[in-house]
Amino acid sequence: MRVLSGIQPTGPIHWGNYFGAIRQYIALQEKEQAFYFIANLHAFTTVRDRDKLRQWTLDIAIDLLALGLDPNKATLFVQSDVPEVSELCWLLMTGAPLGLLERCHAFKDKKAKGISADAGLFTYPVLQAADILAYDSDTVPVGEDQVQHIEVCRDLAGSFNHEYGDVFVMPKAHVLDTSSRVPGTDGEKMSKSYNNTLAVFEDAKVQRKQIMRIVTDSRPMDEPKEPVGDVLYDLYSLVVGESDREAMASLYRRGGFGYGEVKKALADAAEKFFSEPRARRAELAAHPARIREVVGDGAAKARKKAAAVLKRAQDACGVMGW
Ligand code: ADP
Ligand code: TRP
């Protein structure tokens, strides 16, 4: 079974990205043949600063390796290092109904807000379909927001196969555990667009300050409180083991504590939880050439597969073999 997913390099990764997606990707490397790539071509639809695009692409590679992605188990590469995908994208584009793309949320939301969209954003789901089909992917682990794109991919693959025979493997979305929706520092869903993130590799002191500033309710000190659903408790649960979590839950239920104590416990636990990856990250970041080599090796492996699939598609539809 081949598992594939892409991560956009649009800035420093936050707890939502890690607990909601990246941690689950890394776990899958143990039992599946995993392909993970840094979707810089997709990020290019929003990141128009060349230095940032380059920096964030390298940064995500370092982050993933520091967090436990093992290049001997999973194949890690950068999307644009496999140009076959862009060629495949064109083949899929020609059969992609405009109506289908008009319904896709990235484009639809922008249009609804009166923001003018470009062809890159409009055809974004077709490139994503090419990403998936180029590697004969069986399963695509994604957050709920991406399920629509996997449906588009299945539609495009289905029509191509219908017209030209069994060229593409039909992929399935594997929706990541949504119970792990991570709250941000304001209690809303953690997201870059809400400015409420805790970055995974934030400087420990800065992170402590961010945690101390988390907005809490004005419940009197001695009143018991249900822990689940409380931002501090929910964040704390992510970075501690079972017994610490239970101890904190009973503290909430008993009452008589201040949020300051919980914040301090959360900051300590977070620092401990990310301390190993942080140290590993510092080591990796000191040798960017090695990172480029690892990711380059990943691309070479991915390209081999993508070239074979592209040839299959080109042969089937007549743009090759004339
Ligand atoms: P952002 O909302 O910060 O722009 P992205 O959309 O780039 O984040 O997130 C990439 C993936 O990370 C999502 O598809 C989702 O799986 C996961 N993710 C992001 N934020 C959260 C969150 N708050 N809780 C759980 N998962 C999240
Ligand atoms: N669009 C995805 C996101 O924003 C990233 C992505 C690009 C992707 N290509 C993909 C995810 C292919 C899964 C499969 O998160």
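Here are the numbers:
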quantity: Three principal axis lengths of the chain [C-alpha, angstrom, descending]; calculated: 79, 44, 37
quantity: Using alpha-carbon coordinates, inclination of helix 84-93 to the longest axis of the chain, degrees; calculated: 80
quantity: Simple label model, 7 Å out from Cα along Cβ direction - Leu100 to Trp322, nm; calculated: 2.5
quantity: Partner aspartates and glutamates for Lys263 [C-alpha distance under 16 Å; skip if fewer than 8 residues away on the same chain]; calculated: Asp186, Asp217, Asp230, Asp234, Asp244, Glu271
quantity: Filter on Lys73/Lys189; Lys73/Lys304; Lys113/Lys192 - keep pairs with C-alpha separation over 23 Å; calculated: Lys73/Lys189
quantity: Solution diffusion estimate, µm²/s, Stokes-Einstein, the stretch 202-273, Kirkwood Rh from C-alpha pairs, 20 °C, viscosity 1.002 mPa s; calculated: 174
quantity: Fluctuation leader among Arg292, Arg281, Arg54 - the chain, Gaussian network, Cα springs under 10 angstrom; calculated: Arg54
quantity: Highest-MSF residue in the chain out of Leu100, Leu310, Leu67 [GNM, Cα springs under 10 Å]; calculated: Leu100
quantity: Portion, in percent, of the accessible area of the stretch 202-273 that falls on carbon or sulfur, probe 1.4 Å; calculated: 54
quantity: Cross-link partners of Lys264 among lysines (Cα-Cα below 17 Å; sequence separation of 8 or more within a chain); calculated: Lys205, Lys209, Lys272
quantity: Residues of the chain: accessible area per residue with a 1.4 Å probe, Å²; calculated: 50
quantity: Reference-scaled alpha-carbon Rg (2.2 N^0.38 Å with N residues) for the stretch 27-99; calculated: 1.32
quantity: Extension gain (nm, one decimal) between Arg213 and Lys52, 0.36 nm per residue minus Cα-Cα; calculated: 55.1 nm
quantity: Residue-count net charge about Arg278 - beta-carbon cut-off 15 Å; Lys, Arg +1, Asp, Glu -1; calculated: -3
quantity: Highest-fluctuation residue, Lys189, Lys113, Lys205 considered, GNM on the chain with Cα pairs under 10 Å; calculated: Lys113
quantity: Computed E for Ala289/Glu30 - FRET, C-beta separation, R0 30 angstrom, nearest 0.05; calculated: 0.60
quantity: 222 nm mean residue ellipticity, helices alone, for the chain (DSSP H n ≥ 4; -39,500 (n - 2.57); rounded to 500); calculated: -16000 deg cm²/dmol
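The values are calculated or read from the model by the stated rules, or taken from the named source; none is laboratory data. Just so we're clear, the structure is a prediction, and the values are computed from it rather than from any experiment. Cβ coordinates were reconstructed from backbone atoms using ideal geometry, including for glycine residues, and neighbour counts include every protein chain displayed. Quick note on the areas: whole protein, heavy atoms, side chains included, nothing else; ligands and nucleic acids left out. Shrake-Rupley method; radii C 1.70, N 1.55, O 1.52, S 1.80 Å.
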